[in-house]
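**Q** One structure coming up, written as structure tokens, with questions to follow.
The values are calculated or read from the model by the stated rules, or taken from the named source; none is laboratory data. These numbers come from a predicted model, not from an experiment. Glycine gets a Cβ as well: all are built from the backbone with ideal geometry, and neighbour counts include every protein chain shown.
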């Protein structure tokens, strides 16, 4: 889409899988593409990515930090290693890349930084704590960068998608099974059952990647880009409603019911009664 709108644009494409990257590059007719497989959980690989791109072209005018993944499950069951990897990919990787590109953007008179967050970066909910925590951190980083870099004409925006029809949820479930082999046998079984059902329901409401890309291009090309862009149907209504207008006790009750925490509490109380 970007290549079609701006013929001759130079694109550095990065992700873990070479075959997927090459497939995207083949679609970008009219653009010069540089494919650099990178694992964002590795600081060394992210630094190498920046070096390769700068060695090739000498400059970067805009960076879109879209690397990220989610882990689903109650905080009690998540391992320290899972937490570290979640933050490495969703926060430390983008931070490392941004830091390496700021001097060049400043010296050239400006640039654009687009960080892909999530509605989960504005609202935390049961079963998605690590993911939301990492996206909350990315949101805070973006706010600070916006203030620190505006004087250098480096514009920083956040894109907040809701459900998107990609492999996101399948990957999240793989991580669940990896860290919690038998989630149905835990006290939090109702939460996992709800997450699985919600995953199927949200697919019907999800945006396509092309729809989200249009929002990204809007942020890239605007003379005065907004600090945040929603990329979800009704996001501009739902987020303020849940985070500002409704009492915290009401939103807590909503999310607890939506993700099955109220059922967990009932099971726990029943067990206590039996034991006593």
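**Q** Residues to consider are 67, 31, 12; find the one that is touching a helix residue (DSSP H, G or I) at 6+ places or on another chain (Cβ under 7 Å) and modelled with pLDDT of 95 or more.
**A** On the way: 67 fails: modelled with pLDDT of 95 or more; 31 fails: modelled with pLDDT of 95 or more.
On inspection, the qualifying residue turns out to be 12.
**Q** So, one more: Can you pull out the residues in the stretch 194-210 that are under 16 Å from residue 234 (Cα atoms), outside any loop (DSSP other than H, G, I, E, B) and in contact with a strand residue (DSSP E or B) (Cβ under 7 Å, 6 or more places away or on another chain)? Break it down stepwise before answering.
**A** Filtering the stretch 194-210 for residues under 16 Å from residue 234 (Cα atoms) gives 202-208.
Okay, now just the ones that are also outside any loop (DSSP other than H, G, I, E, B), so 202-203, 207.
207 - this is the single residue of the stretch 194-210 that is under 16 Å from residue 234 (Cα atoms), outside any loop (DSSP other than H, G, I, E, B) and in contact with a strand residue (DSSP E or B) (Cβ under 7 Å, 6 or more places away or on another chain).
**Q** Any residue at all in the stretch 176-186 that is over 30 Å from residue 105 (Cα atoms), at pLDDT below 90 and within 17 Å of the chain's Cα centre (by Cα)?
**A** No: zero hits.
**Q** Identify all residues within the stretch 220-242 that are in contact with a strand residue (DSSP E or B) (Cβ under 6 Å, 6 or more places away or on another chain), surrounded by 18 or more Cβ atoms within 10 Å (Cβ to Cβ) and assigned to a helix (DSSP H, G or I); write none if there are none.
**A** The one that is in contact with a strand residue (DSSP E or B) (Cβ under 6 Å, 6 or more places away or on another chain), surrounded by 18 or more Cβ atoms within 10 Å (Cβ to Cβ) and assigned to a helix (DSSP H, G or I): 220.
**Q** Restricting attention to the stretch 201-219, report how many residues are surrounded by fewer than 19 Cβ atoms within 10 Å (Cβ to Cβ) and touching a residue at least 60 places away in the same chain (Cβ under 8 Å).
**A** Going through the stretch 201-219 one residue at a time, the tally reaches 4.
**Q** Scan the stretch 253-263 and give yes if some residue there is in contact with a strand residue (DSSP E or B) (Cβ under 6 Å, 6 or more places away or on another chain), surrounded by 15 or more Cβ atoms within 10 Å (Cβ to Cβ) and either modelled with pLDDT of 95 or more or closer than 30 Å to residue 107 by Cα (or both), otherwise no.
**A** Within the stretch 253-263, the first condition is being in contact with a strand residue (DSSP E or B) (Cβ under 6 Å, 6 or more places away or on another chain), and the residues that meet it are none.
Looking through the stretch 253-263, none of the residues is in contact with a strand residue (DSSP E or B) (Cβ under 6 Å, 6 or more places away or on another chain), surrounded by 15 or more Cβ atoms within 10 Å (Cβ to Cβ) and either modelled with pLDDT of 95 or more or closer than 30 Å to residue 107 by Cα (or both).
**Q** Here's something else I'd like to know. Among the residues of the stretch 77-100, is any touching a strand residue (DSSP E or B) at 6+ places or on another chain (Cβ under 6 Å) and in a loop (DSSP other than H, G, I, E, B)?
**A** Within the stretch 77-100 (the criterion being touching a strand residue (DSSP E or B) at 6+ places or on another chain (Cβ under 6 Å) and in a loop (DSSP other than H, G, I, E, B)), the answer is no, since none of the residues qualifies.
**Q** For the list (1) modelled with pLDDT under 95; (2) over 18 Å from residue 134 (Cβ atoms); (3) in a loop (DSSP other than H, G, I, E, B), I need the number of the one condition that residue 25 fails.
**A** Looking at each condition in turn, residue 25 falls short on (3).
**Q** Name the residue that is nearest to residue 118 (Cα to Cα), counting only residues in the stretch 139-168 that are in contact (Cβ under 8 Å) with a residue 60 or more places away in the chain and not in a strand (DSSP E or B).
**A** Step by step, filter the stretch 139-168, then rank; the result is 162.
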